[in-house]
Amino acid sequence: MAVIEACERAGAEEARGGAPFAVILGLAAAGLSLFGPSEKAAAQGYTGGPNPATATPQQGIQNPFGPPATTAPQQAPQSPFGPPATTAPQPGLQSTFGPPGAPAQPVAQPPPLVITPSLDVQTTFTDNALSTPSQKQSDVYFTVSPALFATEDSARLNGVFNYSPQAIEHVAVSSQDQIIQNLLMSGTATVVPERFFFDAHASMSDISRTGARGFGNPTEAPTSTSTHSTAYSGSPYAQFHFGPVGDAEVRYIFSQTLFSGNTAAIGSTVPGQAVGGLSSDTQNEGKATFVSGEILSRLQLNTLLDYQKDDTVSVDNSTHAIGTVGGSYALYPTFDLIANGGYERLNYPNQPATGFSGNYDGATYQGGFHYHPRDDRSITLQYGKTEGQNTLSGNASWAATPLLTLTASYSAQTQTEQQSIQQNLGLATQTTPGQTINQQTGLPLSLTNPNLSLQNEVTRTKTLDAGVMYQYGQRNRYIFQFTRTELGVLAGGASSQTTDGGILTWQRDLSPDLTGNLSGGYSATVSQTTGTLPSTSEAVTATVSFNYALTDTLFGTASYSLVRQSGVNGVVLVDLATVGLHKNF
């Protein structure tokens with residue numbers, strides 16, 4: 001929001017398989033029925049390229065004592081985790097082209113419901129269709145992607161729905177022919193105003209099992225090592241207001257993470273490169289919270305009771321119970337002290353009795369501060385003991401200038417990959433079709449890290465994210481994101497993984513009808529199994545793309561990408577050239 005508000009101010013200054021699918025379709029049908037009668041869609045900006053839907057309240061046991069989530073900006077940056085997007089001029093960003101001194105035209109407010117059907121047709125030329133280090137095979141393939149993007153922001157429903165399947169047909173390498181289901185849905189329905197609500201989230205996408213793909217990699221993952229992921233959750237909850245005494249919430253969450261295709265272990269003769277099996281997961285969670293009101297003046301008390309049970313077809317089954325009391329004290333109007341403590345029990349009953357360090361039964365506590373001098377400047381830092389581990393966590397969002405925003409976050413927790421997907425799904429939204437962002441930071445978000453292998457394992461996961469969003473005048477936008485993730489295994493035999501990487505994107509309005517994007521990414525990933533030497537892989541990506549508005553609803557796109565992946569199996573080089581048309585209906 002800070003970025004868009006800054007843009008508007010700058011414009012003024014410049015004088016301008018099976019049951020899971022049934023559940024998802026049922027949720028979608030319920031959401032669309034709440035949208036009301038269909039209306040003609042307003043003209044939407046187009047991001048170009050395929051629209052992969054990778055996919056409000058976060059799943060899992062959370063800390064209730066942190067600051068409220070920051071608002072995501074309305075202008076979504078390009079995702080570094082998927083194909084590069086060629087972006088058309090977005091609503092609300094006024095072009096600098098036009099008569100000098102012309103007053104800025106007011107931007108019409110969109111209706112509560114906006115539905116945009118669309119169709120993408122693309123032709124891609126590649127010199128390495130299978131992404132192999134030798135005996136490269138050139139090919140041409142065609143991609144057809146119909147899509148339905150809908151948003152609603154009304155008193156009864158707030159949410160986003162994007163379904164964009166892709167049909168891919170190759171001329172030479174028919175083994176890569178496939179139909180990919182892409183979906184992102186996220187929303188909250190008000191069943192009874194101020195009392196009963198229902199949250200729903202869902203996603204479908206194809207994911208590489210082996211990782212090491214880098215950021216902004218537009219190449220196809222080989223069908224032999226990719227799996228289809230379906231994740232969804234539903235959460236009815238009730239809120240109770242007790243006047244100045246405080247507010248309470250009771251919530252139940254049911255979620256599933258399902259995988260199909262290539263879920264068996266992937267063997268390798270290279271140490272650290274083998275990938276374990278992958279299983280589906282079902283989570284049931286009940287949670288109750290209470291937050292005191294203004295009756296205590298500067299002091300705000302918090303109480304949390306949470307129980308979560310995970311069932312998976314592996315040894316990663318777990319139960320997690322926690323109860324805490326704590327609070328925050330406003331030492332100054334812009335500075336709060338935070339503290340909480342209680343009891344926690346984390347148990348993985350099927351893990352070995354010896355050699356596994358993930359179980360815990362004992363005290364949990366945290367202390368820290370929250371500094372918030374302005375609505376667009378906030379820093380929170382906490383340290384304590386959670387899940388039996390000494391834990392540091394924090395997040396920051398800082399509008400250094402009206403056009404420059406810095407964000408950072410750090411977290412550490414014990415989890416499985418299935419739990420991580422559900423947590424990210426709870427944070428995911430789209431303000432522009434195909435560009436998934438984190439609602440709290442506004443930065444691009446992927447349900448899985450493309451550089452890490454996807455397998456069953458319990459890890460101590462430490463994640464550092466940092467980002468910069470800068471609007472230079474009306475025509476230039478710069479986005480930089482850095483990510484570091486450490487997966488430390490808690491049982492012998494599995495592989496620990498560490499990945500560092502980032503991507504820089506420059507978006508420029510070249511004319512009222514032509515926009516361009518230039519991006520470059522780099523990542524390095526280290527994998528190591530206990531008792532073996534580590535193995536390292538690197539990925540470098542570079543993309544230039546253009547989008548031209550032929551009419552208000554028809555766009556032409558063109559892009560070129562160079563991808564270099566290196567590791568123990570050699571160096572893979574891929575050149576891609578794509579041209580296409582996108583039509584909004």
Inspect the range 242-254 for any residue being surrounded by fewer than 17 Cβ atoms within 10 Å (Cβ to Cβ), at pLDDT 95 or above, under 30 Å from the mean Cα position of the chain (by Cα) and among the acidic types (D, E) and give the result as yes or no. yes
So for the range 154-161 (the condition being surrounded by fewer than 21 Cβ atoms within 10 Å (Cβ to Cβ) and hydroxyl-bearing (S, T, Y)), does at least one residue qualify? yes
Looking at the structure I just gave you, is G211 surrounded by 15 or more Cβ atoms within 10 Å (Cβ to Cβ), part of a loop (DSSP other than H, G, I, E, B) and small (G, A, S)? yes
Given (1) out of contact with any helix residue (DSSP H, G or I) (no Cβ under 9 Å at 6 or more places or on another chain); (2) assigned to a loop (DSSP other than H, G, I, E, B), where does V250 come up short, assuming only one miss? (2)
It is to be established whether one or more residues within the range 325-346 are within 29 Å of A248 (Cα to Cα), modelled with pLDDT of 95 or more, surrounded by 14 or more Cβ atoms within 10 Å (Cβ to Cβ) and of a type in the set (D, E). yes
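For residues that are assigned to a strand (DSSP E or B) and within 23 Å of L487 (Cβ to Cβ), scanning just the range 345-365, find the one that is nearest to the chain's Cα centre (by Cα).
L346
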On the given criteria, is Q439 under 14 Å from the mean Cα position of the chain (by Cα) and closer than 19 Å to M204 by Cβ? no
Do we have S164 as surrounded by 21 or more Cβ atoms within 10 Å (Cβ to Cβ), modelled with pLDDT of 95 or more, among the hydroxyl-bearing types (S, T, Y) and under 24 Å from T223 (Cβ atoms) here? yes
Out of all the residues in the range 509-516, is one or more of a type in the set (G, A, S) and over 21 Å from the mean Cα position of the chain (by Cα)? yes
Is there a residue being of a type outside the set (K, R) and within 23 Å of L381 (Cα to Cα) anywhere in the range 270-279? no
Checking V192 against (1) surrounded by fewer than 17 Cβ atoms within 10 Å (Cβ to Cβ); (2) under 25 Å from P433 (Cβ atoms), which test does it fail? (2)
Determine whether the range 481-499 contains at least one residue that is farther than 23 Å from T416 by Cα and among the charged types (D, E, K, R). no
Is there a residue being among the β-branched types (V, I, T), within 20 Å of N449 (Cα to Cα) and in contact with a Pro (Cβ under 7 Å, 6 or more places away or on another chain) anywhere in the range 547-569? no
Kindly establish whether P111 is modelled with pLDDT of 50 or more, more than 30 Å from L562 (Cα to Cα) and not aliphatic (A, V, I, L, M). yes
Only residues that are surrounded by fewer than 19 Cβ atoms within 10 Å (Cβ to Cβ) and part of a strand (DSSP E or B): list them for the range 497-515, please. D500, G502, L504, W506, R508, L514
I'm trying to understand the selection: among the residues of the range 444-478, which are small (G, A, S) and more than 22 Å from S203 (Cα to Cα)? A466, G467, G473
What are the pairs with Cβ atoms under 7 angstrom where one residue, in the range 527-539, is within 30 Å of S561 (Cβ to Cβ) and the other, located anywhere, is among the aliphatic types (A, V, I, L, M) and at pLDDT 75 or above? Sequence gap at least six, or different chains. P534/V526; S535/V568; T536/A524; T536/V526; S537/A212; E538/A524; A539/A212
Looking only at the range 168-221, and only at residues there that are out of contact with any Asp or Glu (no Cβ under 9 Å at 6 or more places or on another chain) and among the β-branched types (V, I, T), the one that is farthest from T124 (Cα to Cα): V192
Enumerate the pairs (first residue in the range 567-583 and acidic (D, E); second residue anywhere and not in a strand (DSSP E or B)) with beta-carbon separation below 7 Å, excluding pairs fewer than 6 apart on the same chain, so at least 6 apart or on different chains. D575/D127
Candidate set: the range 528-557, residues that are surrounded by fewer than 16 Cβ atoms within 10 Å (Cβ to Cβ) and in a strand (DSSP E or B); chosen: the one modelled with the lowest pLDDT: T536
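The values are calculated or read from the model by the stated rules, or taken from the named source; none is laboratory data. Just so it is clear, the structure is predicted and the values come from calculations on it, not from any experiment. Glycine also receives a Cβ, built like all others from the backbone with ideal geometry; neighbour counts cover every protein chain displayed.
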